[in-house]
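Everything on this sheet refers to the single structure shown next.
The values are calculated or read from the model by the stated rules, or taken from the named source; none is laboratory data. Computed from a predicted model, the values in this text were never measured in an experiment. Positions of Cβ are generated from backbone atoms using ideal geometry, with glycine treated the same way; all protein chains shown enter the neighbour counts. All accessible areas refer to the heavy atoms of the entire protein, side chains included, with ligands and DNA or RNA removed. Shrake-Rupley method; radii C 1.70, N 1.55, O 1.52, S 1.80 Å.
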Amino acid sequence: MANIGFIGLGIMGTPMAANLIKGGHSLVTYTVGNTPQSLLDAGAKQAANSTEVAQASDIIIVMVPDTPDVEAVLFGENGVAAGLSKGKIVIDMSSISPVATKEFAKKINDLGCEYLDAPVSGGEVGAKAASLTIMIGGSQAAFDQCESIFALMGKNITLVGGNGDGQTTKVANQIIVALTIEAVGEALVLASKAGADPAKVRQALMGGFASSRILEVHGERMVKRTFDPGFRINLHQKDLNLALTTARQLGLSLPSTAVAQELFNACVAHGGAAWDHSGMVRALEILANHEIGQ
């Protein structure tokens, strides 16, 4: 069994770490605040900082919100880099900039260590069920060493390519998710405004070509008005910002992605930064002056 360090124990990180302990691995943790008692009771040990995590671990997993957070964890005061020795592996499972990821990987490689960018999709439900989709960038050798560890946290595990390619895949994923949420929201608002029962419309659509995981899960949230995260709108905003920034760097236009981002912005303006991203439908409802189910 491996000595694993885990940094970042939020909505996603805590159940992911718990599944690693269930898999028989020893775990050293560090997070803002204290390690959840449930993990300590399961056998996790709490370190004083990220450097201590790196010193005590062969594989260090980072799961924090954004690019600056990853940079601080890796290279800031008491960061991971200060505790590394040759042969260790750093795995960043956050969703951050593909460009910055390549820079971080080079710095870690220069210390004689491997780096994998391995962002995930599946939300809190997938983290708890160990059914996350994991998109990985890095060397084949590092992936082979860590594949069994990824298997404790996810089911659809793919080495996409080199460093940065995992993050690029996650950006693409978030575009598809956002636009599908928008499409489901428009469809259900239309159905409800026309006088149809949105719950039954959703049920009917689930049996046809329009069926999707978004229609199944997020469509139900829209109908039942349950917008507790889940995956917060402000985090999806961050991911779409990565998409739009990368597109500008590549000279691309992503018009529908920009529209989805503006709908998220409208939600935030109405106090919805912490809503589940299915709450995008509320911006559509404001435009329609109609709430699903009215």
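Here are a few things to note about the model shown:
- Solvent-accessible area per residue in the chain equals 44 Å², computed with a 1.4 angstrom probe and all protein chains kept.
- Summing +1 for each Lys or Arg and -1 for each Asp or Glu among the other residues whose beta-carbon sits under 10 angstrom from that of G166 gives -2.
- Cβ-defined net charge surrounding T133, 12 Å radius [Lys, Arg +1; Asp, Glu -1]: +3
- Nearest-0.05 FRET efficiency for E216 and N241, computed from C-beta distance (R0 41 Å): 0.90
- DSSP bridge pairs, the chain: antiparallel proportion in percent, nearest 5: 15
- Note on the chain: semi-axes of the ellipsoid equivalent to its C-alpha gyration tensor, largest first and rounded to whole Å, are 36, 20, 17.
- Its Kirkwood hydrodynamic radius, worked out from the mean inverse distance over all distinct Cα pairs, puts the range 10-154 at 15.1 Å.
- Gyration tensor verdict on the range 1-67 (Cα atoms; rounded if a/c is under 1.5, prolate if a/b is larger than b/c, oblate otherwise): rounded
- Shown here is the pair-distance distribution of the range 204-265: with all Cα-Cα distances grouped in 5 Å bins from zero up to the longest one, the shares run 4, 15, 19, 19, 18, 14, 9, 3, 0 percent.
- The chain, accessible surface, carbon-and-sulfur percent (1.4 angstrom probe): 54
- Averaging 1/r over every pair of different alpha carbons in the range 130-219 and inverting the result gives a Kirkwood radius of 15.3 Å.
- Compared with the rule-of-thumb size 2.2 N^0.38 Å for a compact globular protein, the range 154-294 has a Cα radius of gyration ratio of 1.09.
- For the chain, calculated [θ]222 nm from helices alone, where every DSSP H run of n ≥ 4 adds -39500 (n - 2.57): -16000 deg cm²/dmol
- Stretchable slack from V32 to K200, in nm (0.36 nm times residue separation minus alpha-carbon distance): 56.1 nm
- Treating r as the C-beta distance of A141 and Q249 and R0 as 22 Å, the FRET efficiency rounds to 0.15.
- Under Karplus coefficients 6.51, -1.76 and 1.60, residue-wise ³J(HN,Hα) of the range 93-109 in Hz, glycine/proline x: 9, 6, 10, 9, 5, x, 5, 5, 4, 4, 5, 4, 4, 4, 5, 5, 4
- Extension gain from A48 to L190, taking 0.36 nm per residue of separation minus the Cα-Cα distance: 45.8 nm
- Extension gain, K224 to H270, is 14.6 nm, computed as 0.36 nm per intervening residue step minus the present C-alpha separation.
- Phi-based couplings in Hz for the range 263-277 (Karplus 6.51, -1.76, 1.60; Gly and Pro marked x): 5, 4, 4, 5, 4, 4, 4, 9, x, x, 4, 9, 5, 4, 5
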